[in-house]
Amino acid sequence: MNNKKNKKKQVRKIKPFEELTITDDFMFGAVMSDPKRCKKLLEYILGIKIAKLDYKEKQKTIDVSYDSKGVRLDLTVIDEKGQVFDIEIQNGRNENLPLRIRYYHDMLDIDMLEKSMDYNKLNRCFVIFICTFDMFGKDRYMYTFKRQCQEDNSVFLGDEAVSIVLNTNGKIGEINSELRDALHYMAGQAPMGKFAKDLDDAVHKVKSDEKWRNGYMTYAVKLKESQLKGEKIGDFKRMVSAIRKGKGKGSDDFIMNLLDVSKDLFNTISEMIDDYPDWTDEDIAYELVVGDDD
């Protein structure tokens with residue numbers, strides 16, 4: 001399968017460091033690496049006072065990591081009560097964002113269970129998405145979700161999971177004025193208000209810091225690797241699907257020639273299909289691509 005030309009076009013262009021804004025993942029993570037600034041943001045969003053805020057990984061305020069889900073900056077913080085907050089910037093409109101929120105809640109729960117091994121000790125957790133678009137099309141600044149009984153909306157499940165979606169282009173809703181100005185700044189307006197001006201100052205400081213510039217270079221390399229790896233998994237998934245459908249319906253040589261697959265790779269995929277009947281095409285593709293790196 002010779003798709004080298006297509007692959008070059010598909011790799012998302014990495015923005016130059018100088019052009020980063022507060023709504024770029026890396027810049028947002030860098031600015032929010034200051035616990036005082038992150039604490040203010042959470043207080044403005046939630047309307048509460050937080051005495052102390054710690055990052056999930058104390059040795060690194062920002063963890064640049066990449067896996068099958070792609071590169072993301074880990075911005076998960078915990079307050080003095082043990083409440084957990086995951087904050088994400090979302091630039092691209094995606095119908096799967098609600099499922100992504102669910103996924104993040106699951107990951108936070110798994111992390112807490114690994115530490116306490118007792119579901120009764122699961123702490124309250126917030127997944128907060130700051131979107132540069134209106135996910136729900138109601139022009140609201142903020143959408144807050146808690147699991148609620150459909151038959152009686154006065155009854156809540158009480159599972160301590162809260163999801164909040166902020167819209168930088170919102171127009172409706174009573175929110176903290178500093179948060180409103182910060183959202184307008186994230187939407188590209190000039191910084192107004194003390195907090196928005198602080199965010200803007202922080203962006204300029206990050207851009208003048210060689211440590212952050214070098215960190216962004218590492219991030220950009222990993223992002224490109226992740227994109228290429230994801231495309232390769234997609235290619236292998238289609239290959240596995242074709243081999244699975246073609247098994248027993250024609251000669252192996254015909255399928256190999258059709259897919260332009262070597263005999264060794266064809267045999268490996270065929271054996272994996274037989275040996276792991278519960279695995280999906282994506283599971284096998286992931287193992288073929290990422291398993292080689294382990």
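Using a Cα-Cα cut-off of under 12 Å, which aspartates and glutamates could be cross-linked to LYS237, ignoring same-chain neighbours fewer than 8 residues away?
The reachable aspartates and glutamates, counting only those whose Cα sits under 12 Å from LYS237, are ASP281, GLU282, ASP283, GLU287.
At a Förster distance of 41 Å, what's the computed FRET efficiency of THR144 paired with LYS222, Cβ-Cβ distance as r, to 0.05?
0.75
Taking R0 as 41 Å, what FRET efficiency do you get between LYS81 and ASN169 from their Cβ-Cβ distance, rounded to the nearest 0.05?
Efficiency at R0 = 41 Å is approximately 0.80.
Provide the per-residue ³J(HN,Hα) series for the stretch 176-184, in order, calculated from phi with Karplus coefficients 6.51, -1.76, 1.60 and θ = phi - 60°, each as a whole number of Hz, with x at glycine and proline positions.
My calculation for the stretch 176-184 gives 4, 4, 5, 5, 4, 5, 5, 5, 4 Hz in order.
Hey, can you rank 20-26, 103-109, 148-154 by average C-beta count inside 10 Å, highest first?
20-26, 103-109, 148-154
With the Cα gyration tensor of the stretch 16-208 in hand, give its eigenvalues times 5 under a square root as the equivalent ellipsoid semi-axes, listed largest first in whole angstrom.
Each semi-axis is √(5λ); the values are 26, 21, 17 Å.
Taking 2.2 N^0.38 Å as the expected size of a compact globular protein, what ratio does the Cα radius of gyration of the stretch 230-293 give against it, to two decimals?
The reported ratio for this selection is 1.03.
Distance check, please: which entries in LYS39/LYS194; LYS15/LYS211; LYS52/LYS205 exceed 21 angstrom between their Cα atoms?
Where the Cα-Cα span goes over 21 Å, the pairs concerned are LYS52/LYS205.
Amide H of ARG140 versus every other amide H placed in the peptide plane: which residues, excluding those fewer than 5 positions away on the same chain, fall under 5 Å?
Under 5 Å from the amide H of ARG140: LYS171, ILE172.
Bear in mind these aren't lab numbers, they're just calculated from the coordinates by the rules spelled out. This structure is a prediction, so every number in the text was calculated from the model and none was measured. FYI the Cβ positions are ideal-geometry reconstructions off the backbone, even for glycines, and counts take in every protein chain you see.
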